[in-house]
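Read-outs throughout are calculated quantities, based only on the coordinates presented, and are distinct from any laboratory measurement. All figures in this text were calculated on a predicted structure; none of them were measured in a lab. Every residue, glycine as well, gets a Cβ built from its backbone with ideal geometry; the counts of neighbours run over all protein chains shown.
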Amino acid sequence: MARQSKPFALARLFAALADPTRLRLLNLMAEREVCVCYFVEILQQGQPKISRHLAYLRNAGIVSARREGKWMHYSIRRPRDAAANSILDAVFATFENNREMQADSLRLLRACCKPELLALQRAPVPSALHSEAQ
């Protein structure tokens with residue numbers, strides 16, 4: 001008998017998407033890996049609060065984390081479940097026409113080039129933006 005995989009928890013996904021801060025975090029990670037320091041800078045919220053929201057998204061199975069030295073980097077992790085992916089696609093599509101989400105994306109682009117953030121905090125440039133910033 002073949003072992004069946006555990007079904008994706010759609011209720012957990014919807015709960016994760018039901019918070020404005022978590023949506024803003026997802027928007028910032030839409031096409032790139034982002035260091036937690038940029039989330040704090042862009043969203044103007046404390047690191048513990050940002051980390052709690054990121055943990056919620058990780059528990060929902062849609063975000064992954066990677067440590068590099070003292071920095072934690074986060075990115076979207078696409079679930080294997082087709083329905084969950086369709087839901088995420090729809091969510092990301094709404095970000096394209098949302099003024100707040102676009103403003104956040106623009107602030108991320110500007111923040112990754114801020115000399116004081118890079119020099120004082122030694123913050124790494126978000127991966128997909130690194131080549132654009134040079």
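Take the Cα of Glu68, step 7 Å toward its Cβ, do the same at Gln44, and the gap between the two points is 2.8 nm. In plain terms, the chain from Asp19 to Ala103 could stretch by 28.4 nm, reckoned as 0.36 nm per residue minus the Cα-Cα distance. Under a 5 Å amide H cut-off, with hydrogens placed 1.01 Å from N, Phe8 pairs with nothing among residues at least 5 apart or on other chains.
With N as its number of residues, the range 10-122 has a Cα radius of gyration that, divided by 2.2 N^0.38 Å, comes to 1.04.
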